[in-house]
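Student: After the structure tokens below, expect a handful of questions from me.
The values are calculated or read from the model by the stated rules, or taken from the named source; none is laboratory data. Here the structure is a predicted model, which is why all the values come from computation and not from measurement. We place every Cβ from the backbone using ideal geometry, glycine too, and count neighbours over all the protein chains shown. These accessible areas exclude ligands, DNA and RNA; they are computed on the full protein's heavy atoms, side chains included. Shrake-Rupley method; radii C 1.70, N 1.55, O 1.52, S 1.80 Å.
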Amino acid sequence: AAGVIQSPRHLIKEKRETATLKCYPIPRHDTVYWYQQGPGQDPQFLISFYEKMQSDKGSIPDRFSAQQFSDYHSELNMSSLELGDSALYFCASSHRTGGGNEQYFGPGTRLTVT
Amino acid sequence: AQTVTQSQPEMSVQEAETVTLSCTYDTSENNYYLFWYKQPPSRQMILVIRQEAYKQQNATENRFSVNFQKAAKSFSLKISDSQLGDTAMYFCAFMKPWGAGGTSYGKLTFGQGTILTVHP
């Protein structure tokens, strides 16, 4: 079965640079979530989108922005990167319209800021 | 706001034996979902099992089962016939379902995780 796709899988950036992470949800899934997992920590919710509109927002810095496009893929844009942004970034998707509450995670993008 | 607590940072078990991971949560909601996710060394987050709060029957998925005690706000995971491939970090997670009203629905709130090691 098709899974959530994230790209790139690994990304190395320098401080103050910009990064863009992409997420392609499972086909027919209408909701996308972004989570950040720091080293040795549990995933923290950043933001979610349903039908291309932002539906909830968590501890997402103002330097970060995200959107969901007409084909349901989503992008997380991160500017003025800081060392503390180094983490594993997960995208997850669910089929909210179909009553599905399970979130299926992608493999994650490992961001390293040097 | 909801909180999820996993009080066992690490657990170990011998292959083929049974192990139980603990999770407690705090919420004022009546309708919600609880999940267990597995994160092996590959760091992939894998859904293991889910429980709907309005269902009294405990969820079961093959070797994995839960003991859901709503009044006690407890949600433990039992792994039977442990296998080497079960070695991973296990996260308990809480979610308000869509349509529950209010805010913060749909997002997962995770516990701190329990590292499970299965020994041969």
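Student: Enumerate the strands (runs of 3 or more DSSP E) found wholly within the stretch A:53-114, keeping only those where 1 or more residues are open to solvent by less than 40 Å² (accessible area, probe 1.4 Å) and of a type in the set (A, V, I, L, M). It would help to see each step written out before you state the result.
Tutor: Numbers: elements: A:53-57, A:64-68, A:74-78, A:87-94, A:109-113.
Answer list for the stretch A:53-114: A:64-68, A:74-78, A:87-94, A:109-113.
Student: Also: Considering only the stretch B:74-100, how many residues are under 22 Å from A:Gly58 (Cβ atoms) and open to solvent by 20 Å² or more (accessible area, probe 1.4 Å)?
Tutor: Going through the stretch B:74-100 one residue at a time, the tally reaches 4.
Student: What number of residues within the stretch B:4-29 are touching a residue at least 24 places away in the same chain (Cβ under 8 Å) and open to solvent by 70 Å² or more (accessible area, probe 1.4 Å)?
Tutor: 8
Student: Then there is this: Out of everything in the stretch B:1-48 that is in contact with a strand residue (DSSP E or B) (Cβ under 7 Å, 6 or more places away or on another chain) and acidic (Asp, Glu), what residue ends up being nearest to the other protein chains (Cβ to nearest Cβ)?
Tutor: Applying the filter and picking the extreme gives B:Glu10.
Student: Can you tell me which residue within the stretch B:49-73, out of those that are more than 14 Å from every other protein chain (Cβ to nearest Cβ) and in contact with an Asp or Glu (Cβ under 8 Å, 6 or more places away or on another chain), is surrounded by the fewest Cβ atoms within 10 Å (Cβ to Cβ)? So that I can check it myself, show each step before the final result.
Tutor: Step one: filter the stretch B:49-73 for residues more than 14 Å from every other protein chain (Cβ to nearest Cβ), giving B:56-58, B:60, B:62-73.
Of the ones still in play, those that are also in contact with an Asp or Glu (Cβ under 8 Å, 6 or more places away or on another chain) are B:63, B:73.
Numbers: B:Arg63: 14, B:Lys73: 16.
So the residue we want is B:Arg63.
Student: Continuing with this model, one more query. Which one is nearest to B:Thr3 (Cα to Cα) among residues in the stretch B:34-45 that are surrounded by fewer than 21 Cβ atoms within 10 Å (Cβ to Cβ) and touching a residue at least 24 places away in the same chain (Cβ under 8 Å)? Give the steps one after another, and end with the answer.
Tutor: Taking the stretch B:34-45 first, the residues surrounded by fewer than 21 Cβ atoms within 10 Å (Cβ to Cβ) are B:40-44.
Filter again for touching a residue at least 24 places away in the same chain (Cβ under 8 Å), leaving B:40-41.
Numbers: B:Pro40: 23, B:Pro41: 25 Å.
Checking each candidate, the answer is B:Pro40.
Student: Within the stretch A:29-41, identify whether any single residue is within 12 Å of chain B (Cβ to nearest Cβ), out of contact with any Phe, Trp or Tyr (no Cβ under 7 Å at 6 or more places or on another chain), open to solvent by 40 Å² or more (accessible area, probe 1.4 Å) and over 27 Å from B:Pro41 (Cβ atoms), and answer yes or no.
Tutor: No.
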